[in-house]
Every structure is written in structure tokens, then in C-alpha cells.
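Structure record follows, encoded as C-alpha cells.
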Amino acid sequence: PQFPSLFMNMVNGGAHAGFRLPIQEHIVVVHGLPKEAYTRACKIFTSLGHALEHKLGKVALGDEGGYAPILRGEDEAFRYLRGAIEGHTDAYLAVDVAATSFYHRERYHFGVEHLSREKLRDCLVAYARKYDVRSFEDPFMEDDGEGCATLLAALPEGSLVVGDDITTTNQERIKILHEEKALNAMIVKPNQ
């Protein structure tokens with residue numbers, strides 16, 4: 001047993017930042033005692049802000065409190081985040097993909113690309129391997145348990161596929177998704 005890890009939103013995309021980046025939240029996860037983890041996460045956030053400002057000038061904040069830079073794509077966002085956590089062995093990356101927000105006409109409108117479920121899965125697996133992204137919340141549209149199951153099977157061991165919109169703390173949906181081995185983590189919202 002250990003203290004829960006701190007998930008801190010660092011870069012906003014999706015609906016929270018005018019869809020400058022398709023992924024809604026780019027998160028840094030920090031392990032440790034709560035006060036120490038929070039202090040380290042704040043240092044990482046500040047370091048990221050300095051790096052973004054050095055290259056891009058003043059950067060606005062998104063609706064969820066993360067930076068909302070205008071970048072050339074997800075790879076650039078992940079490079080900035082990897083730079084910010086360099087030297088922090090107790091930190092790694094996570095994302096809230098919120099894929100329902102960019103799913104239209106059976107395709108995922110991921111930046112300038114229009115991806116099938118399989119292509120989006122391959123893209124997320126590549127992020128896991130290239131940038132050590134270990135947690136993927138709502139990686140597909142909110143009814144796609146099968147897509148989540150294929151992602152979970154393809155990710156490196158120890159990765160998380162997290163349900164939020166897909167589960168909405170609904171016991172029947174949770175049971176079905178568990179049986180399908182579609183998720184191995186979920187957001188619990190008592191108000192739902």
C-alpha cells in the first residue's frame with residue numbers, strides 16, 4: 001500500500017483550450033507523501049511554464065488550469081512535458097484523451113488527421129512507448145468498451161486505461177466493462 005499518486009493537469013487541449021491540441025488534459029503523475037508530491041508537482045508546473053514562455057512568449061491557461069499553448073501537435077506537447085519531468089524519477093505522464101469530444105462520423109478527428117479506432121489505438125500505444133505515458137483516460141468514444149479492451153491489451157504492462165465518461169460511476173456499465181477487460185482503473189464521482 002502507498003499514498004495515492006497526485007495527478008496534476010499541466011497542459012490543456014481539447015474543449016478546454018479551443019482544440020489547439022486534440023487531447024484534453026496532459027497530466028504529470030507524482031508519487032510520494034501528499035505534501036512532498038504536491039511541492040514537486042508545482043516545481044514541474046513552474047519549470048514547464050518557463051520552458052513554454054521561453055519558446056512561445058506568454059502562454060494562456062486553459063479552462064482546467066493547465067497551460068494552453070499553441071503547438072504543432074501532441075508530440076511537441078509531450079516533449080515539453082518530458083523536459084519538465086527530467087530528473088524526477090518519481091514522475092510520469094498521463095492523459096485524459098476525452099475522445100468523444102473529437103469523434104465524428106465514425107472517425108477520430110485528431111488534429112489534421114481523421115483516424116479509425118485502430119489508428120488512434122496505435123497512436124496512443126506509440127505515446128506510451130516513446131514518452132512513457134502510463135495512463136489513458138477515456139481513450140475512445142464513451143460507448144466503445146471494445147476499443148478500450150484492445151488498447152489495454154496493447155499497452156506496456158502496468159499501464160492504465162481509465163474510465164470516466166464510459167463508466168459515469170454506473171454499476172451496470174462497470175460490471176460489463178470489467179467482464180470485457182476493457183478498463184483497469186476508473187474515476188469515481190460520488191455526485192453521479
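The values are calculated or read from the model by the stated rules, or taken from the named source; none is laboratory data. Quick caveat: nothing in here was measured; it's all calculated off a predicted structure. Every residue, glycine among them, receives a Cβ derived from its backbone with ideal geometry; neighbour counts consider all protein chains shown. We work out accessible area using only protein heavy atoms, side chains counted, and drop any ligands, DNA or RNA first. Shrake-Rupley method; radii C 1.70, N 1.55, O 1.52, S 1.80 Å.
Summary of values
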| item | result |
| --- | --- |
| Subset tally (residues that are among the charged types (D, E, K, R) and at pLDDT below 80) for segment 3-26 | 1 |
| Residue in segment 38-52 that is of a type outside the set (Asp, Glu) and at pLDDT below 95 present | no |
| Matching option when the condition is open to solvent by 60 Å² or more (accessible area, probe 1.4 Å) and among the aliphatic types (A, V, I, L, M), among Leu56, Leu93, Leu71 | Leu56 |
| Some residue of segment 29-50 being in a loop (DSSP other than H, G, I, E, B), in contact (Cβ under 8 Å) with a residue 60 or more places away in the chain and open to solvent by 50 Å² or more (accessible area, probe 1.4 Å) | yes |
| Scope segment 108-143; condition within 21 Å of Thr169 (Cβ to Cβ) and either β-branched (Val, Ile, Thr) or within 17 Å of the chain's Cα centre (by Cα) (or both); matching residues | Ser135, Phe136, Glu137, Asp138, Pro139, Phe140, Met141, Glu142 |
